[in-house]
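J.: Could you have a look at this structure, given as structure tokens, before my questions?
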Amino acid sequence: MAAHLRRHPGAGVSYVARVTAADSPVPAHAAAPTGRIVLLTTTHRVAPGLLSWPAWQALHGADRVLSGDPGHPQLPYLREAGVEVEPGSPAARELVDYCVAKGGRTAVVLTSAEGESELTDGLARLAGSGREAMPDLELLPGSYDLPGARLLDLVQVMDRIRAECPWSGTRTNEELVKYGIEEAYELVEAIEEGDREALLEELGDVLLQVVFHARIAQDDPEDPFSIDDVAGGIVDKLIHRHPHVFGDETAETAEDVQRHWLRTKAAEKQRDSVTEGVPLGQPALALTAKLASRARTAALDVALPDGAGVGYELLALAVRAEADGVDPEAALRAAARAYRDAIRAAEGSAGR
């Protein structure tokens with residue numbers, strides 16, 4: 001018996017599986033309407049009751065709807081919609097016999113969060129035996145995760161940790177500062193090393209810092225805000241500062257985009273200088289490159305300050321690197337890694 005797989009783009013499950021009665025190897029004289037078994041999947045990341053139209057069609061057209069999970073979040077909404085749901089988890093044999101009998105009937109099984117492995121394994125055994133008149137078998141997504149849906153899981157997990165973990169539950173934003181800096185540098189290292197596995201992990205660690213800080217801020221008695229406020233703020237900012245994407249303006253080059261961004265930012269914050277908002281606590285080479293970038297973007301012709309010593313020499317190098325499109329901080333880190341490798345090689349030679 002053949003199993004036909006039909007892709008469902010974007011669905012929480014990767015495919016819809018159909019085994020139709022026409023595929024059955026039983027003799028032609030025995031071929032008759034054999035009914036349909038639908039395994040209806042849903043996701044907890046979508047509000048209960050928001051089901052796809054094919055799901056509602058299947059539910060309202062079914063002869064029998066079953067759920068083995070008495071606490072399934074969809075149940076109240078199905079009852080409200082007039083769908084009678086039977087409690088219980090029938091065995092594969094019972095369900096096949098029910099659907100095949102009387103010219104074919106339709107049964108919909110509302111799957112639990114853990115799935116219905118016992119039922120699906122039993123159906124697979126019956127279908128694979130080659131001796132059964134099988135109903136059509138269908139795996140139907142009633143709701144599925146949209147891109148970014150797992151962020152909801154992260155928020156829920158962080159809520160629970162904040163409430164139940166003795167360490168996480170008492171942290172402050174100030175106490176987490178050092179971890180945010182460490183994670184940012186580890187992310188930079190993963191990118192510069194070209195380590196995709198590390199990049200995936202470090203992006204998660206940086207994201208955790210954002211969610212953790214927002215969750216702490218939610219508990220502030222005087223000025224609380226949540227991760228939704230954080231996300232909403234950055235969404236509004238991105239839309240406002242990209243009128244060439246979301247509005248009627250045009251930008252031909254990356255420089256056009258950057259100039260518009262800085263103009264909009266200056267108007268929003270009513271700044272008197274392009275240097276405002278540049279954090280002085282960042283590494284010195286990065287700070288110099290940022291200042292040089294602000295001056296160049298604003299078309300300011302600024303002479304370098306006179307001075308003697310290594311600091312002024314490094315300042316000139318950093319400004320020259322930025323003008324040439326080179327990140328001096330990244331360039332020095334690359335050179336430092338080469339120096340580290342040379343030290344290790346020298347250590348190995350000395351040890352022999």
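The values are calculated or read from the model by the stated rules, or taken from the named source; none is laboratory data. Note that the structure is a prediction, hence the values are computed from the model and not measured. In this analysis, Cβ positions are derived from the backbone assuming ideal geometry, glycine residues included, and neighbour counts consider all displayed protein chains. Quick note on the areas: whole protein, heavy atoms, side chains included, nothing else; ligands and nucleic acids left out. Shrake-Rupley method; radii C 1.70, N 1.55, O 1.52, S 1.80 Å.
J.: Within the accessible area of the range 30-104, what % is carbon and sulfur when the probe is 1.4 Å and the other protein chains stay in place? List each step's numbers first, then the result.
T.: On the way: 2170 of 3850 Å².
The value for the range 30-104 is 56 percent carbon and sulfur by accessible area.
J.: Given the options Arg79, Arg340, Arg150, which has the most mean-square fluctuation in a GNM of the chain, springs set between C-alpha atoms less than 10 angstrom apart?
T.: Residue with maximal mean-square fluctuation among Arg79, Arg340, Arg150: Arg340.
J.: Now for a different question. Would you mind working out the magnitude of the charge dipole of the range 222-352 relative to its Cα centre, with +1 at each Lys and Arg C-beta and -1 at each Asp and Glu C-beta, to the nearest 20 Debye?
T.: 620
J.: Now for a separate question. Express the accessible area of the range 211-255 per residue in Å², computed with a 1.4 Å probe while the remaining protein chains stay in the model.
T.: Per-residue value: 69 Å².
J.: Please tell me the relative contact order of the chain in percent, rounded to the nearest whole number, where contacts are Cα pairs under 8 Å and at least six residues apart.
T.: Averaging sequence separation for qualifying contacts and normalising by length gives 15 percent for the chain.
J.: Counting alpha carbon pairs within less than 8 Å and at least 6 residues apart, what relative contact order, in whole percent, applies to the range 30-139?
T.: Relative contact order for the range 30-139 comes out at 45 percent.
J.: Something else about it: Between (i) 21.9; (ii) 20.0; (iii) 26.6, which matches Kirkwood radius over Cα pairs in Å calculated for the structure shown?
T.: It is the value labelled (iii).
J.: Considering Cα pairs under 8 angstrom that are at least six residues apart, work out the relative contact order of the range 86-211 and quote it in whole percent. Write down the numbers at each step before the final one.
T.: Values: 54 pairs, mean separation 21.7, N = 126.
The normalised contact order for the range 86-211 reaches 17 percent.
J.: Between Pro147, Cys165, Tyr185, whose Cα lies farthest towards the positive end of the dipole of the chain when Lys and Arg beta carbons carry +1 and Asp and Glu beta carbons carry -1, centred on the Cα centre?
T.: Pro147
J.: Same structure, new question: Sorted by accessible area with a 1.4 angstrom probe, largest first, how do Cys165, Cys99 fall?
T.: Largest accessible area first, the residues go Cys165, Cys99.
J.: Over the range 215-352, what percent of the accessible surface lies on carbon and sulfur atoms, probe 1.4 Å?
T.: Carbon-and-sulfur percentage of accessible area, whole number: 56.
J.: Between Asp69 and Leu151, what length in nm is gained on full extension when 0.36 nm per residue of separation is reduced by their alpha carbon distance?
T.: 27.0 nm
J.: Along the Cα→Cβ direction, 7 angstrom out, place labels at Ile191 and Ala266. What is the inter-label distance in nm?
T.: Roughly 2.6 nm, to one decimal.
J.: Using +1 on the beta carbon of Lys and Arg, -1 on that of Asp and Glu, and nothing else charged, what's the dipole of the range 275-347 about the Cα centre, debye to 20? List each step's numbers first, then the result.
T.: On the way: 8 positive and 10 negative charges, 45 e Å.
Dipole of the range 275-347, to the nearest 20 debye: 220 debye.
J.: Sort 240-252, 284-296, 111-123 for me by packing, meaning the mean count of neighbouring Cβ atoms within 10 Å per residue, highest on top. Present the calculation step by step, with values, prior to reporting the outcome.
T.: Numbers: 240-252: 12.0, 284-296: 18.5, 111-123: 15.5.
Descending mean neighbour count gives 284-296, 111-123, 240-252.
J.: At a 1.4 Å probe, what is the % contribution of carbon and sulfur to the accessible area of the range 125-210?
T.: 59
J.: Still on this model: Can you tell me the orientation of helix 328-351 relative to the chain, as the angle in degrees between its alpha-carbon axis and the longest Cα principal axis, to the nearest 10?
T.: Once rounded, one gets 90 degrees.
J.: Lys/Arg Cβ at +1, Asp/Glu Cβ at -1, dipole of the chain taken about the Cα centre: which of Ile239, Ala267, Val46 is farthest positive-ward?
T.: Among Ile239, Ala267, Val46, the one farthest towards the positive end of the dipole of the chain is Val46.
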